[in-house]
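Notes for the one structure printed next.
The values are calculated or read from the model by the stated rules, or taken from the named source; none is laboratory data. Remember, it's a predicted structure, so these values are computed and weren't measured experimentally. Heads up, the Cβs are rebuilt from the backbone with ideal geometry, glycines too, and the neighbour counts pull from every protein chain shown.
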Amino acid sequence: MRRLVLILLIGSGVVLVSSARSEGQTRLRLETDVRFLADDLLEGRATPSRGLDLAALYLANQLRAVGLQPGNGDSYYQTFACKSYSPEEAKYTVTLNGIRLDFSEYLLFPGGLEPSGVPHRFDMVFAGYGIYAPDRNVNDYEGIDVQGKAVVTMLGAPWDPDPAAIHAYDRIAGKWLQAKVRKASCFVYVSKDFELPKDSTPVVEVGIFKDAVHMPTSYLSEYPKAGWPPCLILLPSAFNRALAKATSGSYEEWAQRLKGGKSATTAIEGQLEMTINATPREGRASNVVAIIPGTDSELKKEWVVLSAHYDHLGTLTVPEGRDGIYNGADDNASGTAAVLEIGRRLVSEHPPKRSILVICYAGEEIDLLGSAYHALRPLVPLDQVVLNINVDMVGRSDGTLQSLTPGCEELLLKAQEIGRRCGFAVLPDNYPTWRLIYFVDSYHFARFGIPVIECATGMHADYHQVSDEVSRIRFDKLENVLGVLYQLTDFYAQGGKRPVYQRPDWFITPD
């Protein structure tokens, strides 16, 4: 097979890029891409950071080298301004009903709140467990309006939650999500799990949140509230001191009432006040964007968007000798490498009839910043987008591929058909109650009624841990996953029937 080898210089390193497939070359390219993106030198690819910029330079030059055209005029970058500051540099003040809380009584994720030193004040609503689960006929938000308010919720559910299901609607992330989509200005979560002794084994979500609270806060300069509202996690002692009288019950009393099925929705007399003093750093980050123009005179007006996020969590301050770099080999160097390889194949082997927009997003890990910015400043008309294929965490396959297709069952059926031909099982969403569409870049397509398919190989113990390293990537399986993803992309790129989207009843958006 004819091969064209291009030499791409990145800093002092040299990367070989082949424009066509040959035996062993696909896996070699995948491994090369993942190893570069997940290297310690990129320092976890936080948004914004020098490591992220190096990753963007690498991706842009890879896309340029194999013939993809710039996706933003004459540029391979869609750059956005953002602000960030470190919690270690900030001073927080939290007051509930006039009672100032001790720093040891809470964790604060300030979201897009301006750190100007000016108090942010919120009226409060108590929503019990704060669960919206229509499949279980549970809606703790029924009859209440939380828009512009702080919604206070508690640990637990009318059933026994799975402690490992960190995104489910009965865990903190799922409850925070329901506050967000209802336009709450702040989410408050009260949990005894966060006061467990240091020598005890924490619940999975507790460990993740306790680490995450030390990471920098970043938000879009142009639209600070594009992301999630601030989240305040309270210990029961803080609730008892400041809110027991206002809600007519202590934490322990409410835990018993809720367990017994008592309705809890009520307005809370008083206010939550939060003040953040910090000097945010102005920064810039870039989505890396490229296009493959369609070859059909009519179909080229339509677009298939192929995407993956290339950022990760950056670094964590740790004692000397410990690993503090979140390399993100699976999340999401693996998905980014797959998107690069699909782009290479489409250009060299099967030029598409429909046009292709390739986007490698920045800022996914911190409130989907890159995809939120792209939704504000779309590079192609959204009404001409046929579908979005988003690839996120595909490096740890057990021989299967999971597909999230909310509102578009036919996308799943097509992926499964292709999987059978490739001898690779494509599974439906393994975690339907997690509502994962809200947590991935595809959200900013689905909310506009565009069919999406989110492709992944599943959660694992290294998710958002420094142990997500290249040594754990199953490159043989990644190559097989790539075969399915390429054929799926190629089917729609070559004019496959445009899928139809039916918005799910549970999919509530604030737009």
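Within the bounds of the range 187-202, is there any residue that is of a type in the set (A, V, I, L, M, F, W, C) and over 16 Å from Leu107 (Cα atoms)? No, there is no match, as no residue in the range 187-202 is of a type in the set (A, V, I, L, M, F, W, C) and over 16 Å from Leu107 (Cα atoms). Looking at this structure, is Ala56 buried (at least 18 other Cβ atoms within 10 Å of the Cβ), under 28 Å from Ser221 (Cβ atoms) and at pLDDT 95 or above? Taking the combined requirement at face value, the residue satisfies it. Quick check on the range 119-145: of everything there that is within 24 Å of the chain's Cα centre (by Cα) and without any contact (Cβ under 8 Å) to a residue 60 or more places away in the chain, which residue is farthest from Ala184 (Cα to Cα)? Filtering the range 119-145 for residues that are within 24 Å of the chain's Cα centre (by Cα) and without any contact (Cβ under 8 Å) to a residue 60 or more places away in the chain, the one farthest from Ala184 (Cα to Cα) comes out as Ile131. Would you confirm whether or not the range 326-336 contains a residue that is surrounded by fewer than 24 Cβ atoms within 10 Å (Cβ to Cβ) and assigned to a strand (DSSP E or B)? No, the range 326-336 has no match at all.
You will find that of Val394, Val385, the residue that is β-branched (Val, Ile, Thr) and touching a helix residue (DSSP H, G or I) at 6+ places or on another chain (Cβ under 6 Å) is Val394 and no other.
Looking across Val146, Val125, Val118, one residue alone is of a type in the set (A, V, I, L, M), in a strand (DSSP E or B) and in the same structural domain as Asn240 (by TED's automatic domain parsing). It is Val125.
A quick yes/no check of all residues on (1) touching a residue at least 40 places away in the same chain (Cβ under 8 Å); (2) part of a strand (DSSP E or B):
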site: Gln271; (1), (2): yes, yes
site: Glu282; (1), (2): yes, yes
site: Ser286; (1), (2): yes, yes
site: Ile291; (1), (2): yes, yes
site: Gly294; (1), (2): yes, no
site: Ser297; (1), (2): no, no
site: Ala308; (1), (2): yes, yes
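Taking the criterion of being in a loop (DSSP other than H, G, I, E, B), acidic (Asp, Glu), in contact (Cβ under 8 Å) with a residue 12 or more places away in the chain and surrounded by fewer than 20 Cβ atoms within 10 Å (Cβ to Cβ), the only residue of the range 167-226 that qualifies is Glu222. Taking the stated definitions as given, is Gly143 within 12 Å of Thr266 (Cα to Cα) and surrounded by fewer than 23 Cβ atoms within 10 Å (Cβ to Cβ)? Against the criterion (within 12 Å of Thr266 (Cα to Cα) and surrounded by fewer than 23 Cβ atoms within 10 Å (Cβ to Cβ)), Gly143 qualifies. Within the range 483-498, residues that are of a type in the set (Lys, Arg) reach partners that are outside any helix (DSSP H, G or I) with beta carbons closer than 6 Å, at six or more positions or on different chains, in the pairs Arg498/Val386.
Within the range 406-429, one or more residues are surrounded by fewer than 22 Cβ atoms within 10 Å (Cβ to Cβ) and polar (S, T, N, Q). All of (1) under 23 Å from Val213 (Cα atoms); (2) at pLDDT 95 or above; (3) surrounded by fewer than 21 Cβ atoms within 10 Å (Cβ to Cβ) hold for Pro319 with one exception: (2). Of everything listed in (1) part of a loop (DSSP other than H, G, I, E, B); (2) within 21 Å of Lys259 (Cβ to Cβ); (3) touching a residue at least 60 places away in the same chain (Cβ under 8 Å), the single unmet condition for Pro163 is (3). Scanning the range 71-90 turns up no residue that is more than 28 Å from the chain's Cα centre (by Cα) and not in a loop (DSSP other than H, G, I, E, B). Here Asp511 meets each of (1) out of contact with any Lys or Arg (no Cβ under 9 Å at 6 or more places or on another chain); (2) closer than 25 Å to His374 by Cα; (3) among the acidic types (Asp, Glu) with one exception, condition (1). In this structure, is Ser248 at positive phi and surrounded by fewer than 21 Cβ atoms within 10 Å (Cβ to Cβ)? Spelling it out, Ser248 is indeed at positive phi and surrounded by fewer than 21 Cβ atoms within 10 Å (Cβ to Cβ).
Taken over the range 441-468, residues that are touching an Asp or Glu at 6+ places or on another chain (Cβ under 8 Å) and buried (at least 22 other Cβ atoms within 10 Å of the Cβ) amount to 7.
Out of all the residues in the range 444-463, which are among the aromatic types (Phe, Trp, Tyr) and either at pLDDT below 95 or outside the structural domain of Leu379 (by TED's automatic domain parsing) (or both)? Matches in the range 444-463: Tyr463 only. Looking at the range 363-377, is at least one residue touching a His at 6+ places or on another chain (Cβ under 6 Å), crowded, with 24+ Cβ neighbours inside 10 Å and in a strand (DSSP E or B)? Within the range 363-377, not a single residue is touching a His at 6+ places or on another chain (Cβ under 6 Å), crowded, with 24+ Cβ neighbours inside 10 Å and in a strand (DSSP E or B). The range 395-511 holds helices (runs of 4 or more DSSP H) entirely within its bounds, and those carrying 1 or more residues that are among the basic types (Lys, Arg) map to 409-422, 475-493.
Among the residues of the range 164-210, the one identified as in contact with a His (Cβ under 8 Å, 6 or more places away or on another chain) and more than 23 Å from Gln147 (Cα to Cα) is Ile208. Considering the range 481-511 alone, what residues qualify as being among the polar types (S, T, N, Q) and within 22 Å of Val304 (Cα to Cα)? Of everything in the range 481-511, those that are among the polar types (S, T, N, Q) and within 22 Å of Val304 (Cα to Cα) turn out to be Gln487, Thr489, Gln494, Gln502. On the basis of being within 29 Å of Val204 (Cα to Cα), surrounded by fewer than 16 Cβ atoms within 10 Å (Cβ to Cβ) and more than 21 Å from the chain's Cα centre (by Cα), does Ser471 make the cut? It is true that Ser471 is within 29 Å of Val204 (Cα to Cα), surrounded by fewer than 16 Cβ atoms within 10 Å (Cβ to Cβ) and more than 21 Å from the chain's Cα centre (by Cα).
Pairs are defined by a Cβ separation below 8 Å, a sequence spacing of at least 6 or placement on different chains, a first member in the range 45-67 that is at positive phi, and a second member that is assigned to a loop (DSSP other than H, G, I, E, B) and crowded, with 23+ Cβ neighbours inside 10 Å; the pairs so defined are Arg45/Tyr310; Arg45/Asp311; Arg45/His312; Arg45/Gly328. Under 6 Å by Cβ, and 6 or more places apart or on different chains, what pairs join a residue from the range 320-342 that is in the same structural domain as Phe36 (by TED's automatic domain parsing) and over 16 Å from Tyr463 (Cβ atoms) with one that is small (Gly, Ala, Ser) and in a strand (DSSP E or B)? The qualifying pairs are Thr336/Ala308; Val339/Ala308. Regarding Lys262, is this residue basic (Lys, Arg), over 24 Å from Leu482 (Cα atoms) and modelled with pLDDT of 95 or more? When the stated conditions are applied, Lys262 does not pass them.
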